[in-house]
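Below you'll find the structure, written out as structure tokens, and then a few comments.
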Amino acid sequence: MDWKTLKKSIAEKSKAVRAFAYCVVLSWRVSKTYTVMQFLTRGISAFVPVLVTWNTKEIIELLSIGIAGQGQQRGGVQGLLFIRMGIMLLLLLLQLLATQIHTYVNEMQRDRVLHFVEQELSLTAMRMKLEYFDGPKYYDMFEKVKTDIYSLSSAMYDGVSAVSYAVSLCSCICFLTGLGSVYTILIIAATIPMAVSEYKYTRELYSWGLSHMREEREMSYLYWVATERRFAQEIRVFGTQEYLIGKYRKVWDNYFSNKSGLSKRKAILNCLLSVFPELFVITALFATGSRVLAGTATIGEFALYNGLLVQLIENLRGMVGSAMGLVEKKLQIEHVSEFEKLVGEENTAGGKQLCRKVNIEFRNVSFQYPGTDRYVIKDVSFRLPAGKKVCIVGENGAGKSTLFKLLLRFYEPCEGQILLNDIPIGEYDLDSIRKRFSCFFQKAANYAFTIQENIRFSQVDKAGREAAGSEKRAEEMAGVSSLLESMPRGRNTFLTRAFSDEGVELSGGQNQKIALARMFYRDASVLILDEPSADLDPKAEYELFQSIQKECKGQSVFYVSHRLANVDLADEIIVMVGGEICGRGTHVELMMGCEPYKRLYHYQADKYVTKEK
């Protein structure tokens, strides 16, 4: 082994030790008592077998004396034998008690640690910058971390086991001094090649797994598609069951054949290397047996060394296996321990509080998503005075939704400024900004809670009459009132069956109405609506915009709509093409002077006019 390889090996081992230390610190944070009990009970379980072996040796010695003795001597031996059997019972009971306590503590602490880490991960995910969800490279890592947290408990178990095996190993070595240090050294030395082989193949298998994550991702995706409800109907109609299974098997066959070859080589080599420690054990026992025959050793000593040598081998293998398990999981632990350092929380800096009325201004704003070199919006400027309504129109990819993301500070502009009440948006406290807005996003998702919880989710601190009044108003504005009449438990009906067997599945339009009601429920100065009528029927769409016109007179409304029939609600229409504003004004003004708007209008209006003619 050259210096570079040795240095790398030491570095890998130090990382495994740091990973275990992280698990111990994490366990200590969750429960100091359980952490101490884990080590204590495992240490007792490791040391007791050695004492049992030593006590067995003493019992055999007594039996030998008793067989050779006569009369009164046998009676004395019998009393000592009774004491030795009592000690044996106490040791076995101690072992049993320690094992059961360790099992209980390990299960409880594992659940508590996972619960703690899941909470921390959830909090981190909800606080971190939205851009991390949009970056495929980071999002893949985030998804990996969500599964890596389950390695924490097994890594902790491997680390405690390695310590336990080391304690037992040291105990065996202490009791083996009478056998001669040569045999002990030879047995330990003979185990080293197996440990090196185990370490080498563990690294190779892990590296192989990293290089074949694409196949794992493909199989995971195909499994998800086959079992996900959203694809179920189409798969049955198109009859693609065998096609999907065929794709899965093709990936699996290639994946398994490559991995099985590496695992087979590991198993064969480890089997061959395991022979050498056993040969030295037999040699040591033969030498001890010869001493017994020569009268220089007792049968009890032979039994003692036999038991200790067996335990020595088991502890060596157990310690190597646990250490390799810890090495194998060190990267997962590093992912979890470094996760908070890799992501940044949203910048909430800024001490100013945003007042109730909000004037919005975009001043020469340009933006490109992190990791890209294309401007999504370029040199955008406009004003939305408090209480006014502005509609953004344009084709897909024009940058309409991005304006909302910048306004809500999911992202920061690359160039230009966004001002609220003539003050740069960065000078405000982030929470105070978002409290003034209520939003309906283009891909709005409801929650598997009751309908009432879904509606009240936008402002959970409301209570009493205020909450009831806001809820009723929101239901009427979004057209949910008639929907509630058809629900088996009214507002208390659960959406989906995740929390209740009586839960219901709603249509796209029904789901959209509940999401709209959630937006209306919140006390906000500005309403943001991104394609609010995409899944609504014409009647529901008409009633929605009539409600906005009637009920939202004191609020600013900032909305996107592909259906130009809804633009008459707006005080001003902004037309976007390729991330830039190419026209502003009323419908009449834009029809006279903005060719992209005129073209969009005719795409939708001409077919109706033609049919009527």
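The numbers here are math on the coordinates, done by the rules we state, and not lab data. Since the model is a prediction, treat every value here as computed from it, not as a measurement. Ideal geometry is used to build each Cβ from the backbone, glycine not excepted, and the neighbour counts take in all protein chains shown.
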Task: Within the chain: Cβ-based charge dipole about Cα centre, in debye rounded to nearest 20 (Lys, Arg +1; Asp, Glu -1) - done: 660 debye
TODO: Take peptides 45-55, 560-570, 255-265, 441-451 and line them up by average Cβ neighbours within 10 Å, highest first, as a rough protection proxy.
DONE: 45-55, 560-570, 441-451, 255-265
Open item on the list: Of all beta bridges DSSP finds with both residues in the chain, what is the antiparallel percent, to the nearest 5?
Closed with: 50 percent
Task: Whole-number Å³ per residue for the convex hull built on Cα positions in the chain - done: 246 Å³
Open item on the list: Once the cut-off is 20 Å, how many percent of the Cα-Cα pairs in segment 372-519 end up in the long-distance tail?
Closed with: 59 percent
TODO: Tell me the Kirkwood hydrodynamic radius of segment 12-342 in angstroms, computed as one over the mean inverse distance between distinct C-alpha pairs.
DONE: 24.0 Å
Task: Rounded to 10°, Cα long-axis angle of helix 181-211 versus longest principal axis of the chain - done: 20 degrees
Task: Filter on Lys144/Lys443; Lys352/Lys389; Lys389/Lys435; Lys352/Lys472; Lys329/Lys405 - keep pairs with C-alpha separation over 28 Å - done: Lys352/Lys472; Lys329/Lys405
TODO: Between the alpha-carbon centers of segment 351-405 and segment 34-57, tell me the distance in whole angstrom.
DONE: 67 Å
TODO: Determine the calculated [θ] at 222 nm for the chain from helices alone, applying -39500 (n - 2.57) to every DSSP H run no shorter than 4 residues and normalising by the residue count; nearest 500 deg cm²/dmol.
DONE: -23000 deg cm²/dmol
